[in-house]
Each structure stands twice: as C-alpha cells, then as structure tokens.
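The next block holds one structure in the form of structure tokens; read it before the comments.
The values are calculated or read from the model by the stated rules, or taken from the named source; none is laboratory data. Keep in mind it's a predicted model, so treat the numbers as computed, not measured. Neighbour counts run over all protein chains shown; Cβ positions are idealised from the backbone, glycine included.
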Amino acid sequence: MNDMVIDCNFNQISNASNKIVEIDGQVSLRAMGAGLKNGFGIQLPVLASQVLKCDVKSKRTGLPLTLSNAINIDPSTGLERNQDKAVFILADNGFNLLPSPGNSTGVNTTPGIPWVNPDTLLITITLRTPLALSTVGYAPYNPFIFVDGIRSHEIHLPDQAPTNLAVLSLFGTGNDDSNPAIGRYYRLKNNMPWAVSFADHYDYPIEKADIINAHLHFAEWAISSGTTFKDWYLNKAGYRNNALIYRKP
C-alpha cells in the first residue's frame with residue numbers, strides 16, 4: 001500500500017441553478033514504492049462527450065502535462081480516447097513526476113534516503129453543459145493506477161469498475177477475487193482491497209513492509225468491509241508499529 005501515495009483535492013464549481021459547470025483539482029504524487037513505472041488516471045462518472053476540456057499542468061513549472069505516445073489522448077479535449085466515460089491520465093510513469101534520488105528502490109519510502117519534494121498537478125475540467133451533482137458525483141470519483149506502463153492492467157478502489165481499456169480476463173486470476181457479475185472488483189478472497197482512499201492523511205509503510213504489519217488493525221477493517229476499526233489509520237495506542245511507518249526526514 002505504498003506503490004503510489006497520492007494526495008488530491010477537488011472543488012466542484014456550480015452555477016446559479018446549482019448545477020456543476022467545472023471541476024478544479026490539485027493532485028500530488030507523494031510517494032512511489034517499488035520500482036515499477038506505474039501510471040495514474042481518474043475516471044469521472046460522466047460520458048466523455050459531456051466534457052468540453054480537461055487541462056492539466058504542473059504547478060512547479062506552469063507547463064502542460066506531457067505523456068508518452070503510448071497514452072492515446074484526444075488533444076481537443078485532453079481526455080483519453082476510446083473511453084465511454086471521461087478518463088484523464090495524470091501520469092504514464094510516476095517517476096517522471098517524482099524522480100528517484102538514485103539510491104533507493106522507490107521514492108520517499110526508504111528511511112535514510114533524501115526526500116524528494118513532489119510537484120502538484122493543477123486540473124481544470126470544463127463540462128460541455130451544466131450537470132446535476134447527482135450525475136457528477138463526488139471526489140475522488142474513480143481513480144486508478146496502471147501497472148508498469150501496461151495500460152490495460154488497471155487497479156482501482158474496491159468495487160469500482162475498470163475503464164474500457166482494462167483487460168477483463170485478469171479478473172479472478174492469481175490472488176484477485178473480482179466478480180463483475182455481482183459488482184465485486186479489486187478484492188482478495190478475504191476481502192482485502194488492492195487500494196484504499198479516505199479523507200484523512202495517510203501515513204504509509206516503509207519500503208517492503210506489509211501494511212498489516214505497519215497498521216495493526218488494517219486487516220480487521222478490510223475483512224469486515226469497513227465495519228470494525230474504522231479508525232485503523234490513526235496514531236493511537238496499539239494501532240501501529242511505528243518502526244514500519246515512513247517518516248519524512
């Protein structure tokens with residue numbers, strides 16, 4: 001649970017009729033564990049045709065986001081092509097946003113290795129016509145990573161459906177217990193998720209430390225589908241092995 005640690009904040013702008021006309025966001029890649037060149041994107045719960053334009057630029061440089069040719073972006077909208085819903089890609093290789101200091105496997109995950117200051121991506125999504133809040137939904141929408149540059153290998157939050165570009169034949173293989181027929185996605189057989197999202201700050205494990213050994217009640221929370229230890233991530237007595245939690249130097 002430290003392959004990509006992402007902070008995000010979204011502001012939905014409405015008109016006089018209380019309909020959403022624009023979504024502004026700030027996204028920062030805080031850490032990258034392991035050595036895989038993972039990418040990151042977000043799917044909105046609206047049709048691609050309902051988005052007029054998605055602009056993404058670096059707060060540090062002011063320049064527009066640059067992606068490799070492997071990511072098929074429509075330059076007129078900034079959205080990924082061949083998607084029914086609106087999908088925008090924020091990185092095809094997270095190390096381009098958070099460069100390795102050169103002496104560790106990941107970035108900002110290994111104690112004793114210099115900290116790399118993350119850049120922040122500024123996002124502006126302009127809708128083609130105003131939409132009801134019930135249509136647009138709430139952040140973080142449907143974020144996902146794709147593994148080591150393989151666009152079709154997506155990992156989403158639990159029970160969030162993949163995009164059109166994901167390879168569905170991966171479901172049910174290995175440790176995955178997804179079952180699209182019942183809306184079950186990205187979980188293990190014991191209910192453990194492949195990714196988590198919450199409103200509070202996340203203190204993530206150091207490199208090569210399993211989250212269940214760092215956050216001692218994470219497994220109970222996950223297996224119970226969130227009914228027990230809802231505060232598993234807090235720094236409370238008996239909740240953590242602090243030796244396995246990364247601290248910014």
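Odds and ends about this structure:
- Test: A237 is among the aliphatic types (A, V, I, L, M), under 19 Å from the mean Cα position of the chain (by Cα) and either assigned to a loop (DSSP other than H, G, I, E, B) or outside the structural domain of F10 (by TED's automatic domain parsing) (or both): no
- V51 vs. criteria surrounded by 21 or more Cβ atoms within 10 Å (Cβ to Cβ), more than 30 Å from I206 (Cβ to Cβ), at pLDDT 95 or above and not charged (D, E, K, R): yes
- Any hit, region 148-155, residues being surrounded by fewer than 17 Cβ atoms within 10 Å (Cβ to Cβ) and of a type in the set (S, T, Y): yes
- Matching option when the condition is farther than 20 Å from N108 by Cα and not in a helix (DSSP H, G or I), among D200, D159: D159
- Per-region count, region 182-202, residues surrounded by 15 or more Cβ atoms within 10 Å (Cβ to Cβ) and either more than 27 Å from G172 (Cβ to Cβ) or among the aromatic types (F, W, Y) (or both): 4
- Selection count where residues are under 16 Å from P249 (Cα atoms) and part of a loop (DSSP other than H, G, I, E, B), scope region 82-111: 9
- Residues of region 203-225 that are assigned to a loop (DSSP other than H, G, I, E, B) and surrounded by 14 or more Cβ atoms within 10 Å (Cβ to Cβ): D203, Y204, I206, E207, A209, L216, H217.
- On the stretch given as region 37-48, residues that are under 18 Å from the mean Cα position of the chain (by Cα) and surrounded by fewer than 20 Cβ atoms within 10 Å (Cβ to Cβ) total 2.
- Flag if S169 is free of Cβ contacts under 8 Å to residues at least 60 places away in the same chain, surrounded by fewer than 20 Cβ atoms within 10 Å (Cβ to Cβ) and not in a loop (DSSP other than H, G, I, E, B): yes
- Scanning region 226-249 for residues that are of a type in the set (S, T, Y) and surrounded by fewer than 12 Cβ atoms within 10 Å (Cβ to Cβ) gives a single hit, T227.
- Considering region 19-56, the residues that are of a type in the set (D, E, K, R) and part of a strand (DSSP E or B) include one that is farthest from H153 (Cα to Cα), namely E22.
- Residues being free of Cβ contacts under 8 Å to residues at least 40 places away in the same chain and closer than 22 Å to R151 by Cα - total across region 42-66: 4
- Of residues in region 136-156 being in a loop (DSSP other than H, G, I, E, B) and within 22 Å of I211 (Cβ to Cβ), the one nearest to the chain's Cα centre (by Cα): P140
- So N69, is it free of Cβ contacts under 8 Å to residues at least 24 places away in the same chain and either in contact with a Ser or Thr (Cβ under 9 Å, 6 or more places away or on another chain) or exposed (fewer than 15 other Cβ atoms within 10 Å of the Cβ) (or both): yes
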